1. Answer yes if at least one residue in the stretch A:186-209 is among the hydroxyl-bearing types (S, T, Y), closer than 18 Å to A:L161 by Cβ and outside any helix (DSSP H, G or I), and no otherwise.
2. Would you confirm whether any residue within the stretch A:14-24 is part of a helix (DSSP H, G or I), under 13 Å from A:I102 (Cβ atoms) and of a type in the set (F, W, Y)?
3. Scan the stretch B:142-176 residue by residue and report those that are of a type in the set (A, V, I, L, M), part of a helix (DSSP H, G or I) and more than 7 Å from chain A (Cβ to nearest Cβ).
4. What residue, among those in the stretch B:120-139 that are within 15 Å of the chain's Cα centre (by Cα) and not small (G, A, S), is nearest to the other protein chains (Cβ to nearest Cβ)?
5. Any residue in the stretch A:349-375 that's without any contact (Cβ under 8 Å) to a residue 40 or more places away in the chain: show its pairings with residues that are among the small types (G, A, S) at Cβ separation under 8 Å, as long as the two are six or more apart or on different chains.
6. For the stretch A:299-319, which residues satisfy the criterion of being over 18 Å from A:F456 (Cα atoms) and hydroxyl-bearing (S, T, Y)?
7. Which condition does B:I182 not pass, out of (1) under 17 Å from the mean Cα position of the chain (by Cα); (2) within 23 Å of B:K78 (Cβ to Cβ); (3) of a type in the set (A, V, I, L, M, F, W, C), if it passes all the others?
8. Identify, please: which residue in the stretch A:351-390 is at the interface with chain B (Cβ under 8 Å from one of its Cβ atoms) and touching a Leu at 6+ places or on another chain (Cβ under 7 Å) and is, among those, farthest from A:S319 (Cα to Cα)?
Amino acid sequence: MENLNLILPEIFISLSIMFLLILGVFKNDSSKITFNLSLFVILITTIVTFNETFSVTRETLFNESVVIDSMSSLMKIITLIGGFLVLVISSTYLKTFKIYNIEYPVLILSSILGMMVMISSNDLIVFYMGLELQSLALYVLATYNRDQLKSSEAGLKYFVLSALSSGLLLYGCSLIYGFSGSTNFDIISNQLNSEEYILTFGIVFILVGLAFKISAVPFHMWAPDVYEGSPTTVTLFFTIVPKVAALTVFIRFLYVPFLNLIDQWQMIIVFLSIASMVFGAVAAIGQTNIKRLIAYSSIGHIGYTLAGLATASNEGIQSSIIYISIYVVMNLALFSCLLMLRRKDQYYEDIDDLSGLSKNHPLLSLCMLLILFSLAGIPPLAGFFAKFYVFKAVLEQSMYFLAIVGLLSTVIAAFYYLRIIKIMYFDKEKDKYDKDHSLWLKFSLTVSTILILLYFIFPSRLVEVVSRINII
Amino acid sequence: MNFPILSSLILLPTVGALFLFFIKEKEGNNTTIKYVALFTTVVNFLISIYLWIAFDQSTSNFQFIEDRTWIEGFINYKVGLDGISILFIILTTFITPLCIISVNNSVKNRLRDFLIAILIMESFMIGVFSALDLVVFYLFFEAGLIPMFLIIGIWGGARRVYSAFKFFLYTLLGSVLMLVAIISIYWITGTTDVVQLYEIGIDVKYQNLLWLAFFSSFAVKTPMWPVHTWLPDAHVEAPTAGSVLLAAILLKMAGYGFIRFSLGLFPVASEVFTPLIYTLSIIAIIFTSLIALMQEDMKKLIAYSSVAHMGFVTLGIFTLQQQGIEGSIIQMISHGLVSAALFLTVGVVYDRMHSRLISTYGGLVSVIPKYSILFMLFALASLGLPGTSGFIGEFLILMGAFKDNFLVAVIASIGVILGAAYMLWLYKRVVFGKLLNEDLKKILDLNRSEYFILSCLAAPILFFGFYPDPLINTIEVSVTDLINMHNTNIASK
């Protein structure tokens with residue numbers, strides 16, 4: 001008998017999703033209770049994941065198709081906390097657009113479930129199942145504000161392109177299966193050897209599919225449009241949660257089944273990383289919409305995360321995970337600011353709307369200032385340490401070119417972050433924005449800004465947690 | 001463990017800034033805010049004076065060391081002082097309160113935020129001069145960009161946005177390569193602790209590249225020709241207090257970095273690249289002095305003169321002679337005082353006339369004599385008249401240069417003459433001549449606070465000009481040991 005306790009969180013979430021759906025069908029006007037119940041579910045799941053799996057070293061289930069180890073539990077916790085905070089700060093926004101329905105929390109829960117399956121997968125089929133579950137939920141979420149043209153367009157675009165990339169992924173998987181005769185990661189790892197050249201095709205297809213999911217250049221085209229069109233809270237969800245899950249899968253693929261093929265994939269990852277860092281920095285300069293700008297900046301940040309992965313070392317993986325964790329906090333903070341730009345039931349998302357913010361809203365703009373400098377990677381804020389760890393790992397492998405290009409692109413990126421700060425602090429002020437924000441929004445902004453600002457006092461804590469992750 | 005006096009020196013301004021953050025700013029009544037800021041910085045100055053008194057001048061070992069684990073197994077938070085760094089810290093803590101007194105007239109809006117930025121800036125600057133770990137140094141070095149960017153951008157003049165961006169991006173671009181070098185040093189030697197690195201040394205084959213990476217950062221910050229162009233812009237647009245901080249202290253970070261890191265860590269590479277530094281310094285001295293001659297804007301003229309003076313500093317450091325390095329340090333301290341004073345004197349007339357153009361003025365001596373006398377003192381100190389601190393620095397540097405390379409020294413001496421030319425000409429055009437501008441007749445002489453600030457600056461300039469022993473005694477042992485260490489490193493190669 002398998003030890004089902006280990007996947008208790010997944011089972012619990014699936015049952016809750018079914019229950020919430022039934023509740024929605026039979027009870028009128030149940031959106032508020034569904035929201036609260038889903039928050040409760042995520043909370044419980046987080047606690048269970050925290051308790052059950054942090055003690056486990058490495059356990060496998062169901063013929064080794066599911067793996068629970070320190071990486072999966074950490075990433076699940078980040079995913080869950082991210083999902084929780086997104087859900088909790090969404091309500092005002094959704095109410096404004098009159099889309100405060102039961103589907104929203106249910107969809108978020110199911111995509112989280114899909115991501116948890118992805119994170120734990122140790123088998124091509126389980127992985128694909130999880131991926132599709134989360135993607136389907138995300139398509140619907142992207143078009144959630146269905147009365148708006150842009151939202152529908154975003155959802156459709158996302159659906160078509162994402163389906164294409166899933167197809168590529170699946171094709172890659174079938175090639176890999178053909179060569180190794182198994183769908184299990186560990187067996188694939190033992191079966192594959194670098195003699196087979198067609199095998200490289202399989203790897204490339206899988207990497208392309210995954211690069212699409214984390215929007216690395218040159219598979220990023222969907223990101224700016226989808227990020228701009230989707231409802232802001234969904235954009236927030238897109239920029240943090242699926243990225244964490246996709247990054248985990250990325251790590252799992254590179255370092256379990258393809259571990260012996262480093263020569264084949266290392267150059268690809270280095271290319272993806274450099275392209276994303278440089279393109280993300282350059283393309284963001286001309287943007288006028290904050291959500292689009294965030295899309296390009298997130299492309300850049302993914303580049304830095306990939307730089308860590310390209311090193312093929314444990315330090316590199318750990319640095320990537322540190323990077324993505326800090327990135328999640330920074331993005332959460334940035335979007336909390338964005339959600340506060342509301343005036344009489346209208347949300348503002350152009351950079352010019354920030355003009356002179358510091359006069360009327362000194363605290364909000366101070367938070368934003370810190371977040372932007374942190375995103376630019378200026379010490380002593382958290383964003384600097386994220387980059388620092390990554391480049392430390394990169395330089396350990398003597399990959400000087402990658403490090404120098406990466407750091408130079410931070411200078412380019414600094415330009416557009418500075419531009420926002422300039423608009424907030426140096427330009428003429430506009431009308432005041434509303435100040436009656438929900439408590440949760442204020443809470444998430446305060447906590448994340450404090451984390452960013454004071455990270456430098458105890459930088460070892462995060463390193464300690466992450467250093468338990470040893471994949472290779 | 002003893003009381004962490006150095007950390008409290010670093011932290012105190014930030015604590016003061018935190019206090020200010022919670023004081024509400026009222027229209028027209030900002031005395032509380034100013035007094036809190038002033039009190040913090042004065043206390044900090046007293047602590048640093050105490051450090052100077054308690055400092056043991058007979059050893060070159062680092063003192064007041066604090067060493068704590070920061071990122072486990074990787075970086076320690078390590079700070080400490082030797083004879084070289086303590087002078088820069090005192091310069092910092094001395095200049096900052098004067099800046100705060102001077103904001104009376106120049107900063108009209110958002111005074112509280114301005115003072116917060118200045119206080120935080122002070123923390124970072126003290127941190128730079130006391131850091132004994134490369135990563136900690138980098139952290140403070142870079143962090144200073146944030147408040148300075150805001151100071152220039154929010155409270156600056158007409159082209160403030162352009163200048164703020166230029167300042168930020170230039171310096172950031174310079175320093176990212178230094179970050180690569182710092183991490184590489186960690187992987188080559190296994191530590192970023194400066195004291196340990198002094199002992200174990202860095203393999204010769206890496207030194208040249210690492211030296212260049214550090215150089216890229218310090219050259220921008222110094223600033224050396226041809227990457228000096230951010231400085232005139234930043235200086236001109238920054239508010240007076242910002243220009244003072246920039247000229248008096250920020251530029252010294254690079255000179256200090258050259259002595260502490262480039263010389264100390266990469267002795268062989270420093271020898272290799274001495275001709276490069278000589279060339280750039282000479283170009284800086286002659287070329288920017290000539291540019292300074294042609295300026296019509298007073299602040300710009302002083303900014304270019306800063307570049308020329310820093311050219312002397314880099315020249316002196318890389319003579320690798322006792323006199324040269326000591327001269328450079330004294331020149332940096334003296335330039336810190338003199339350029340601060342000059343910017344403040346320009347600030348005084350700017351506040352009254354709202355023009356920085358030389359042509360606006362002329363004949364000031366007949367209306368504001370007190371001002372004219374002090375201005376003359378600072379102008380003479382800037383050109384290095386004997387009896388002012390400027391002379392000691394320049395003289396020692398040239399002495400060191402003559403020992404090392406005759407030709408370089410001769411050319412540099414021409415720079416001294418040019419320095420005298422642009423400074424005296426500036427003074428002549430502003431203070432002497434006929435009083436043509438009618439508006440000038442109503443100009444007021446120095447008020448009490450301005451008089452106080454300028455006298456505070458004039459006193460040490462004169463004192464150290466006649467009696468430089470306190471400065472020289474403090475740095476002597478440290479410099480001697482630095483040169484000995486350098487020579488043994490070269491000899492063993």
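1. No; the residues of the stretch A:186-209 include none that is among the hydroxyl-bearing types (S, T, Y), closer than 18 Å to A:L161 by Cβ and outside any helix (DSSP H, G or I).
2. Yes, some residue in the stretch A:14-24 is part of a helix (DSSP H, G or I), under 13 Å from A:I102 (Cβ atoms) and of a type in the set (F, W, Y).
3. Result: B:M148, B:I151, B:I152, B:A164.
4. That would be B:F124.
5. Within 8 Å, the pairs are A:L366/A:S358.
6. Of everything in the stretch A:299-319, those that are over 18 Å from A:F456 (Cα atoms) and hydroxyl-bearing (S, T, Y) turn out to be A:Y304, A:T305, A:T311, A:S313.
7. Every listed condition holds for B:I182 apart from (1).
8. Only one residue tops the list, namely A:F373.
The values are calculated or read from the model by the stated rules, or taken from the named source; none is laboratory data. If you're wondering where the values come from, they're calculated on a predicted model, not measured in any experiment. Every residue, glycine as well, gets a Cβ built from its backbone with ideal geometry; the counts of neighbours run over all protein chains shown.
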